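Participant: So that we are looking at the same thing, I have put the structure below in structure tokens.
The values are calculated or read from the model by the stated rules, or taken from the named source; none is laboratory data. What you see is a predicted model, and the numbers here were worked out from it, not measured in a lab. With ideal geometry, Cβ positions are generated from the backbone for all residues, glycine too; neighbour counts draw on all protein chains shown.
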There are 2 protein chains.
Amino acid sequence: MSPRYIDDATREAREEEMMQAALNIIARDGVSGLTIDKVVTLVPYSKGTVYNTFSCKEDLLTALCNRSVTRLSDIFFRAASFDGNSREKMLAIGIGYMLHSQLNPTEFMMVISAKTPSVTEKSSQKRQEEHKELETQLLGKLLGIISEGLATGDLNLAPHLSPAQVAFSLWAMSFGTIALLQENVERCGVRQQMSLENELLNHANLVLDGHQWKPYTPDHDWHASVQRMKETVFAKEVEALESQWTELA
Amino acid sequence: MSPRYIDDATREAREEEMMQAALNIIARDGVSGLTIDKVVTLVPYSKGTVYNTFSCKEDLLTALCNRSVTRLSDIFFRAASFDGNSREKMLAIGIGYMLHSQLNPTEFMMVISAKTPSVTEKSSQKRQEEHKELETQLLGKLLGIISEGLATGDLNLAPHLSPAQVAFSLWAMSFGTIALLQENVERCGVRQQMSLENELLNHANLVLDGHQWKPYTPDHDWHASVQRMKETVFAKEVEALESQWTELA
DNA sequence: TTTATTGTTGACGTAACGTCATTTAAAACT
DNA sequence: AGTTTTAAATGACGTTACGTCAACAATAAA
């Protein structure tokens with residue numbers, strides 16, 4: 001008296017299959033062009049099964065967002081393994097975040113979309129908790145680097161700030177900078193000429209100097225550090241970005 | 001041989017009427033619950049007329065966003081008129097931005113929504129240009145304060161930074177901080193205990209110290225400045241926020 | 001083989017979208 | 001006053017997407 005069970009592996013494989021289909025649709029029709037019906041036609045499962053996996057379109061979007069954050073986790077891991085001082089590692093987090101967002105603009109914007117009321121209002125509880133969990137993991141990576149900075153004496157925590165606040169400051173700054181510069185790549189405006197990489201470096205230096213995290217901006221060639229990151233831990237991302245560029249040309 | 005024309009005043013009044021209806025719907029059903037059909041029933045105009053005013057739901061959202069930014073403009077104006085030194089005025093911009101976002105969380109999130117691909121992909125060209133224009137106006141207010149700081153000698157521009165970059169750094173930081181803290185007001189997580197006002201003040205000080213904008217953080221009681229702002233130029237907003245609070249209790 | 005239970009299916013009712021042929025009415029001209 | 005002209009308003013309609021659910025399929029224990 002027992003039914004057939006589906007094992008977790010195939011269930012996840014199916015989930016991945018649907019998400020990939022969704023990404024293809026988004027790449028072609030944009031986020032607004034994503035519909036469950038289109039996913040159903042691209043996938044060897046019925047509407048019922050798709051709805052059994054994702055409670056609604058918004059839930060699917062949140063899942064895609066979580067998938068993206070998971071990948072970001074790997075980038076942060078590599079950032080933390082950069083061969084350099086603690087401040088360079090912290091900067092590497094920001095640069096990695098930027099590279100990831102440039103490489104997957106859709107996915108980055110989806111993280112914004114996923115924080116939007118129209119999505120959170122409808123997405124499933126389970127997947128939203130998963131999202132929170134993933135963000136906590138990311139912050140954990142930052143906290144590790146902060147501990148290292150404290151241990152080596154590069155960073156002296158201001159009395160009114162906790163490590164979590166230091167982590168959050170860099171995150172908020174990176175997020176804001178990327179979010180605001182991401183859009184208008186080719187639209188003109190006050191921010192038109194600013195290069196994302198430059199601004200991010202400037203802002204990160206402002207914040208890290210503010211935290212008195214040594215070495216200070218004038219005492220170090222930060223552009224060289226960024227260059228080295230791009231050649232080592234983020235070589236993969238840089239190459240992918242460049243091949244994306246030549247593809248367009 | 002001429003038809004009836006509608007003058008701009010009534011046209012705008014009608015637009016406002018529809019937007020107000022939309023805000024009521026959003027307040028009740030959330031952003032995802034907004035539909036053009038609902039707007040039509042709440043308004044003494046037909047579907048055709050509504051679609052004649054807003055090309056689609058996303059266009060309406062962008063319009064609501066622009067309306068919000070216009071109001072923000074007034075707040076920035078008052079921030080710039082704060083009786084204090086240039087750095088206090090700059091801080092006032094950030095605090096005003098925060099108060100505005102707390103007072104109108106829906107509208108703030110709509111600004112995020114409006115930057116989301118699913119909206120920009122469908123919104124009308126005209127309204128998106130209007131949005132860009134409004135943002136430029138806001139940045140202009142910041143640039144005015146920066147000029148003042150340069151004139152009084154409080155601010156010494158780093159050689160590699162332009163005034164626009166200084167303005168942008170504060171904006172990105174404020175936006176990122178508010179956006180990330182806005183959501184989880186009652187959700188638990190790493191950031192749960194952080195108060196938005198405190199974090200914003202911390203981050204603003206980090207950035208402004210980074211720009212070497214005098215007086216430096218240790219040389220001034222910034223909490224007192226914030227208090228004074230809330231009692232003078234932002235008294236209106238603080239009162240509204242407090243009455244909102246007692247309403248809930 | 002039977003049975004209990006999970007998993008799958010796609011047709012269907014509902015709802016929102018966006019359009020467009022038709023109607024309305026103000027102003028200009030006679 | 002009547003006619004004409006044409007912007008503006010209307011709402012019915014075709015289309016598309018949503019999300020559900022009754023029926024069916026498949027599996028493994030009894």
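Participant: Going through the stretch B:20-53 one residue at a time, which ones are touching a residue at least 60 places away in the same chain (Cβ under 8 Å) and surrounded by 15 or more Cβ atoms within 10 Å (Cβ to Cβ)?
Facilitator: B:23, B:26, B:31
Participant: Still on this structure: Does the stretch A:22-36 contain at least one residue that is within 14 Å of another protein chain (Cβ to nearest Cβ) and more than 13 Å from DNA strand D (Cβ to nearest atom)?
Facilitator: Yes, the stretch A:22-36 contains at least one residue that is within 14 Å of another protein chain (Cβ to nearest Cβ) and more than 13 Å from DNA strand D (Cβ to nearest atom).
Participant: Of everything in the stretch A:181-202 that's at pLDDT 90 or above and within 8 Å of chain B (Cβ to nearest Cβ), which residue is surrounded by the fewest Cβ atoms within 10 Å (Cβ to Cβ)?
Facilitator: The selected residue is A:199.
Participant: Could you please let me know if residue B:86 is in contact with a Gly (Cβ under 6 Å, 6 or more places away or on another chain), more than 13 Å from DNA strand C (Cβ to nearest atom) and small (Gly, Ala, Ser)?
Facilitator: Considered against the rule, which asks whether it is in contact with a Gly (Cβ under 6 Å, 6 or more places away or on another chain), more than 13 Å from DNA strand C (Cβ to nearest atom) and small (Gly, Ala, Ser), residue B:86 comes out as yes.
Participant: Taking the stretch B:30-65 only, how many residues are more than 8 Å from DNA strand C (Cβ to nearest atom) and closer than 20 Å to residue B:104 by Cα?
Facilitator: 10
Participant: While we're here: Taking residue B:17, is it touching a residue at least 24 places away in the same chain (Cβ under 8 Å), surrounded by 14 or more Cβ atoms within 10 Å (Cβ to Cβ) and more than 15 Å from DNA strand C (Cβ to nearest atom)? Steps first, please.
Facilitator: Values: touching a residue at least 24 places away in the same chain (Cβ under 8 Å): yes; surrounded by 14 or more Cβ atoms within 10 Å (Cβ to Cβ): yes; more than 15 Å from DNA strand C (Cβ to nearest atom): yes.
Taking the combined requirement at face value, the residue satisfies it.
Participant: Could you tell me how many of the residues in the stretch A:47-58 are near DNA strand D (Cβ under 8 Å from one of its atoms) and not in a helix (DSSP H, G or I)?
Facilitator: 2
Participant: Right, here's the next one. Check whether at least one residue in the stretch A:7-18 is within 14 Å of another protein chain (Cβ to nearest Cβ), of a type in the set (D, E, K, R) and away from DNA strand D (no atom under 16 Å from the Cβ), and report yes or no.
Facilitator: Looking for residues that are within 14 Å of another protein chain (Cβ to nearest Cβ), of a type in the set (D, E, K, R) and away from DNA strand D (no atom under 16 Å from the Cβ), one finds none in the stretch A:7-18, hence no.
Participant: Quick check on the stretch B:80-132: of everything there that is of a type in the set (A, V, I, L, M, F, W, C) and under 22 Å from residue B:157 (Cα atoms), which residue is nearest to the chain's Cα centre (by Cα)?
Facilitator: Here the residue is B:93.
Participant: Here's another thing I want to ask about it. Scan A:60, A:72, A:91 and give me the residue that is in contact (Cβ under 8 Å) with a residue 24 or more places away in the chain, crowded, with 21+ Cβ neighbours inside 10 Å and within 18 Å of residue A:119 (Cα to Cα).
Facilitator: A:60
Participant: Next question. Taking the condition away from chain A (no Cβ under 14 Å) and within 18 Å of residue B:119 (Cβ to Cβ), does residue B:45 pass?
Facilitator: no
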